[in-house]
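Presented below is the structure to which this report refers.
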Amino acid sequence: MILLDRVTKTYSRDTGAALDRISLHVEPKEFVIIIGSSGAGKSTLLKLLTREEKPTSGKIIVGGIDYSKLKDKDIPLLRRKIGTVFQDFKLLPGKNVYENVAFALEIVGMSNKEIDHTVPRVLEIVGLKGKEKRMPMELSGGERQRVAIARAVVRQPKILIADEPTGNLDPKHAWDVIKVLEKINRFGTTVILTTHNQEIVNKLKRRVITIEAGKIVSDRANAEYHS
């Protein structure tokens, strides 16, 4: 599903490598947590996976697509296979819950009939049934993040990248979001989660990859996190 082979990313000669010859393999339907301090290289890794950045050297293959052979015109198609959720939600403030999620389908040309069929199902999965007409400002932070997750998965991507999705949330809402990510993973989507939250890592007991100074320093199944 995801293969990185000796991938290095250097932004400038003065700063050294943001990622330094990292190799990584993620199986389909896996749930992987990536941890590391700020500046360790987590964000660079995610940007390489979504093709916001290109590696300086090394090979990246995602879902059978070799990034070294990927043409710029095919990048939007790649990104449809990868849903992304951020810490700050990035919702459209002038659209309600339903419209925010439907927008992700409108921009790829899906018919209104298909949208009307798909959006309610996804809102039910993330626990927002009955809140379709609410505006983002009427929602809690956890609910807003669940709208963002619904929007990210409504096109049924093979991979969901969740970059610090609980960073702005209190513990209860954080767990609501994590439970939704686990549910989506059970439906067969590969989930990659970055987090600083030690409690989440320890309770989830999933595969944990630790990045320090651009290198993978540990990769363990059912791991716990000790800062």
Residue that is surrounded by the fewest Cβ atoms within 10 Å (Cβ to Cβ) [pool: residues in region 8-33 that are farther than 18 Å from Lys158 by Cβ and touching a Lys or Arg at 6+ places or on another chain (Cβ under 6 Å)]: Ser23
Unique residue being of a type in the set (Gly, Ala, Ser) and within 21 Å of Glu212 (Cα to Cα) when the list is Gly94, Gly58, Gly83: Gly58
Residue list for region 122-142, restricted to those being assigned to a helix (DSSP H, G or I), modelled with pLDDT of 95 or more and in contact with a Leu (Cβ under 8 Å, 6 or more places away or on another chain): Pro136
Test: residue in region 99-108 that is assigned by TED's automatic domain parsing to the domain that holds Phe187, surrounded by 18 or more Cβ atoms within 10 Å (Cβ to Cβ) and touching a residue at least 12 places away in the same chain (Cβ under 8 Å): no
Where a residue in region 23-45 is in a loop (DSSP other than H, G, I, E, B) and its partner, wherever it lies, is aliphatic (A, V, I, L, M) and surrounded by 17 or more Cβ atoms within 10 Å (Cβ to Cβ), with Cβ under 7 Å and at least six apart: Gly36/Ile211; Ala40/Ile211; Gly41/Ala18; Gly41/Leu19; Gly41/Ile211
Any hit, region 174-183, residues being in contact (Cβ under 8 Å) with a residue 12 or more places away in the chain, in contact with a helix residue (DSSP H, G or I) (Cβ under 7 Å, 6 or more places away or on another chain) and of a type in the set (D, E, K, R): yes
Which listed residue is outside the structural domain of Ala17 (by TED's automatic domain parsing), surrounded by 20 or more Cβ atoms within 10 Å (Cβ to Cβ) and in contact (Cβ under 8 Å) with a residue 24 or more places away in the chain, from Arg134, Arg144: Arg144
Residues that are outside any helix (DSSP H, G or I) and among the charged types (D, E, K, R), drawn from region 46-76: Arg51, Glu52, Glu53, Lys54, Lys59, Asp66, Lys71
Glu182 closer than 25 Å to Leu3 by Cα, surrounded by fewer than 19 Cβ atoms within 10 Å (Cβ to Cβ) and modelled with pLDDT under 90: no
Only one of Pro171, Pro165 that is surrounded by fewer than 20 Cβ atoms within 10 Å (Cβ to Cβ), in contact with a helix residue (DSSP H, G or I) (Cβ under 8 Å, 6 or more places away or on another chain) and assigned by TED's automatic domain parsing to the domain that holds Thr195: Pro171
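Residues checked against (1) outside the structural domain of Ile161 (by TED's automatic domain parsing); (2) over 25 Å from Ala221 (Cβ atoms); (3) over 19 Å from the mean Cα position of the chain (by Cα):
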residue: Arg13; (1), (2), (3): no, yes, yes
residue: Gly16; (1), (2), (3): no, yes, yes
residue: His25; (1), (2), (3): no, no, no
residue: Thr44; (1), (2), (3): no, no, no
residue: Glu53; (1), (2), (3): no, yes, no
residue: Gly58; (1), (2), (3): no, no, yes
residue: Gly63; (1), (2), (3): no, no, no
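The values are calculated or read from the model by the stated rules, or taken from the named source; none is laboratory data. Source: prediction; values computed, not measured. Glycine gets a Cβ as well: all are built from the backbone with ideal geometry, and neighbour counts include every protein chain shown.
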